[in-house]
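Comments concern the structure below.
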Amino acid sequence: MAEFSWDIRSPLDRALVAGPYGARGEDGVTLIEIRNFDLVQVMTRRGAAGEMAKAAQARFGVAAPETPKAVSAGDATLIWSGPDQFLVLSKGGRHTMEALAPVFAGSASLSDQSHARALISVSGDKARAMLAKLSSIDLHPDVFGVGAAAATSMDHTSVTLWRGKDRNAQAVFNVLVFATFAESLWHTMLDSAAEYGVTISHSEDLV
Amino acid sequence: MRIVCPFCGERELGEFTYLGDAKPQRPAADAGEDAIYDYVYLRDNIAGPMSEHWYHGGGCRAWLKVTRNTLTHEISSVEPAAGAGAAKVGA
Ligand SMILES: [Zn+2]
C-alpha cells in the first residue's frame, strides 16, 4: 500500500524568491509573506448578534468589528470580512478552531481558514503607489488609517485588505488571499512593484 | 458606475454582479399555472427607476437591492436584500 506524507507548505512556496527584485538600487516596496498562522472565520447566526458580541468581548477583551476594520486584541487580530462575519488571525495555537468552538457554541458558525489563505504584507515608500495599480480602494492616510479594512478585489481576485500597525514609521498593508489564487496575485504584485524596486522575504511573525 | 454598498461603502462596478428584477415574488404553491408562468418568465421592460438585485461578490458577498434608473444609471437607493445582516434580526 502506498504511503502518503502530508507536508504543510505555503501556497507561495514555489513563487516566492527571497531577495531583491525589479529596479536595482531602489527599495520602494517590501513584500513579506507571513506563514503558519491560525485563521478562523466567525459567522454570526441569525438573530444571535448580541450573544456573539458578548462571547467575543469575553474571549478577546475587545468588541468584534461590526464595520470594515481590523481590531487588535493583544494575541489576535479580529478582521471584519462581511456583514455578521469576521476573521480571527493569530499565531501559536491560542485561537484555533478547537479553542474557539466552545466560545461561540450556539452564537456563530466557525470555519477554519488557516491553510486556505495566504497572507502578504506590503510596506515601503511606494506601497501605496504599487497597490493603487491593483486596488480601487482609497489608501490615502486620511481615509485608510491604521486599523482600516476592506473586503475587496485585486486583479479580479477577492481579498481581505487591512492596514496593520506601522513598521519603522511606515504604513503596512496586509492582504489575505485565497490559497489557490495566491501565486497569481503574487506575480501581479511583483509586476506592479518592479519599477520601484522590491525586497522579498517570508516570515513566521505576524505584524 | 459605482454602487454604495451599505456594508462596504462606495465601490466600483467590477466588484458587483447583476441578477435582475427584484420585484417578482414567488407565488403561493396553489396560485395556479398563470401566476407561476408570470413569476418565472415575464419581466417588465422598465424605462426609469427599477428595483434590482446586485451581488457584492468582489467585496462583502452580500446581496443588495438597488433602485437604478435604467435611462440614466442614477442610483437612488441601495439596501441589503432579505437575509443580509440577519444576525441582528430578532431570533
Ligand atoms: Zn459590500
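Every number in this text was worked out from the coordinates using simple rules, so none of it is lab data. The structure displayed is predicted, hence computed values, not measured ones. Neighbour counts are summed over all protein chains in view; Cβ atoms, including those assigned to glycine, are modelled from backbone coordinates with ideal geometry.
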Relative to the compact-globule estimate 2.2 N^0.38 Å (N residues), the Cα gyration radius of chain A stands at a ratio of 1.05
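For the pairs A:K133/B:K88; A:K165/B:K65; A:K91/B:K88; A:K133/A:K165, note any where the Cα-Cα span goes beyond 25 Å.
Working: A:K133/B:K88 37 Å; A:K165/B:K65 36 Å; A:K91/B:K88 30 Å; A:K133/A:K165 23 Å.
Over 25 Å apart, Cα to Cα: A:K133/B:K88; A:K165/B:K65; A:K91/B:K88.
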Once both label points are put 7 Å beyond Cα along the C-beta direction, the B:Y18-A:D112 separation in nm becomes 4.3 nm
Rounded to a whole number, the mean other protein chain Cβ count within 10 angstrom for residues of A:83-89 is 4
Which residues qualify? For A:A108, with a placed amide H closer than 5 Å and at least 5 residues away or on another chain, they are A:R45
So B:Y39 and B:W63, fully extended at 0.36 nm per residue minus their Cα-Cα distance, gain in nm 6.6 nm
The ³J(HN,Hα) series, computed from each phi in the stretch A:58-67 with the Karplus coefficients 6.51, -1.76 and 1.60 at θ = phi - 60°, rounded to the nearest Hz and given as x for glycine or proline, is 5, 6, 9, x, 9, 6, 5, x, 10, 10
Helix-only [θ] at 222 nm, the protein assembly as shown, -39500 (n - 2.57) per DSSP H run of 4+, per residue, nearest 500, equals -4500 deg cm²/dmol
With 0.36 nm assigned to each residue of separation and the Cα-Cα distance removed, A:E98 to A:D138 gains 10.7 nm
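What's the average, rounded to a whole number, of partner chain beta-carbon atoms within 10 Å of each residue's beta-carbon in A:142-153? It would help to have the intermediate numbers written out before the result.
Numbers: counts 0, 0, 0, 0, 0, 0, 0, 1, 5, 11, 8, 7.
Mean partner-chain Cβ count within 10 Å for A:142-153: 3.
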Low-density loop trypsin sites (Lys or Arg not before Pro), the stretch B:9-67, at most 11 other Cβ within 10 Å, DSSP non-H/G/I/E/B, are B:R43
One finds the C-alpha centres of the stretch A:95-120 and the stretch A:31-60 to be spaced, in Å, by 7 Å
The size of the Cβ-based charge dipole (Lys, Arg +1; Asp, Glu -1) of the protein assembly as shown about the Cα centre, to the nearest 20 debye, is 600 debye
The summed charge of the A:K133 Cβ neighbourhood (under 15 Å; Lys/Arg +1, Asp/Glu -1) stands at -3
Toy charge model, Lys and Arg Cβ at +1, Asp and Glu Cβ at -1: chain B dipole around Cα centroid in debye, rounded to 20, equals 380 debye
Here the cysteines of chain B lacking a cysteine partner under 4.7 Å (Cβ to Cβ) are B:C60
